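Student: Attaching a single structure in structure tokens format; questions to follow.
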Amino acid sequence: MRSQGVIHANTEVLVPFFDVDSMDVVWHGHYVKYLEVARCALLEQIGHNYVQMRASGYAWPVIDLQLRYIRGATFGQRLVVRADLVEWENRLKIHYLISCAASGERLTRASTVQVAVAIASREMQLASPQVFLDAVQRALP
């Protein structure tokens with residue numbers, strides 16, 4: 001069982017027709033887009049979204065992405081995408097679970113790792129910037 005994060009966000013995605021392939025399942029590359037929707041919701045909940053990140057002088061590129069497909073999603077299926085913040089002090093690690101909204105069946109597990117990069121110098125930071133740590137601290141229950 002994957003660890004749940006200290007902060008999480010759930011989003012819903014309705015699978016559009018243009019996301020399915022000739023086998024009538026979501027093409028594997030589109031799952032990354034669904035993760036991004038959930039990640040944005042999580043960052044909004046923390047109070048430090050991508051606009052605020054850029055304004056603070058840092059970009060947060062994804063340096064690692066892992067996906068494990070359990071069952072394919074299909075056209076018109078309503079999905080719940082859960083994003084859990086599991087690490088934030090030195091890097092931003094988020095675990096994801098994509099499940100069927102109707103049945104609760106797990107469809108995909110994933111994780112991403114992002115690191116702070118100073119926009120001005122393009123140097124990767126070895127620790128998360130204080131502005132981000134402060135935002136997480138304020139959002140903790």
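Student: Treat each spin label as a single point 7 Å out from the Cα along the C-beta direction, and report the Val131 to Thr74 distance in nm.
Tutor: Going from the Val131 label point to the Thr74 one covers 4.7 nm.
Student: Name the residues whose placed amide hydrogens come within less than 5 Å of the amide hydrogen of Thr74, ignoring near sequence neighbours (fewer than 5 apart) on the same chain.
Tutor: Hits under the 5 Å cutoff: Val26.
Student: Let me ask another. Over the chain, what relative contact order in percent results from Cα pairs under 8 Å that are six or more residues apart?
Tutor: Working: 281 pairs, mean separation 42.1, N = 141.
RCO, the chain: 30 percent.
Student: Order by neighbour count: Leu92, Leu85, Leu133, Leu97, fewest other Cβ atoms within 10 Å first, most last.
Tutor: Working: Leu92 26, Leu85 23, Leu133 14, Leu97 20.
So the ranking, lowest neighbour count to highest, is Leu133, Leu97, Leu85, Leu92.
Student: Would you mind calculating the gained length between Ile119 and Trp27 on full extension (0.36 nm times residue separation, minus the Cα-Cα distance), in nm to one decimal? Numbers along the way, then the final one.
Tutor: Values: separation 92, 0.36 × 92 = 33.12 nm, distance 3.31 nm.
So the chain would gain 29.8 nm between Ile119 and Trp27.
Student: Quick one: 3J(HN,Hα) in Hz for segment 112-128, Karplus 6.51/-1.76/1.60 with θ = phi - 60°, rounded, Gly and Pro as x.
Tutor: Computed from phi, the couplings for segment 112-128 are 10, 10, 10, 10, 6, 10, 5, 5, 5, 9, 6, 8, 5, 8, 7, 9, 5 Hz.
Student: Tell me, in nm to one decimal, what length is gained between Phe18 and Glu87 on full extension, where the rule is 0.36 nm per residue of separation less the Cα-Cα distance?
Tutor: Details: separation 69, 0.36 × 69 = 24.84 nm, distance 3.38 nm.
Extra length available between Phe18 and Glu87 comes to 21.5 nm.
Student: Output the 0 to 90 degree angle, nearest 10, between the alpha-carbon long axis of helix 130-139 and the longest principal axis computed from the alpha carbons of the chain.
Tutor: 50 degrees
Student: Now for a separate question. Among 107-117, 21-31, 74-84, what's the highest-first ranking by average C-beta atoms within 10 angstrom per residue?
Tutor: Numbers: 107-117: 19.6, 21-31: 14.0, 74-84: 18.1.
In descending order of packing, they fall as 107-117, 74-84, 21-31.
Student: How big is the shadow of the Cα convex hull of the chain, averaged over all directions, in nm²?
Tutor: Details: hull surface 35.8 nm².
Seen from a random direction, the Cα hull of the chain projects 9.0 nm² on average.
Student: Same structure again: So who's got an amide H within less than 5 Å of the one on Ser128, skipping anything under 5 residues away but keeping other chains? H placed 1.01 Å off N, in plane.
Tutor: Close amide H contacts, sequence-distant or interchain: Asn90, Arg91.
Student: Give me the angle, in degrees from 0 to 90, between the Cα long axis of helix 30-46 and the longest principal axis of the Cα atoms of the chain, rounded to the nearest 10.
Tutor: The answer is roughly 40 degrees.
Bear in mind that the values in this text are calculations on the coordinates, not laboratory data. All figures in this text were calculated on a predicted structure; none of them were measured in a lab. Counting neighbours? That spans all protein chains shown, and the Cβs are built from the backbone with ideal geometry, glycine included.
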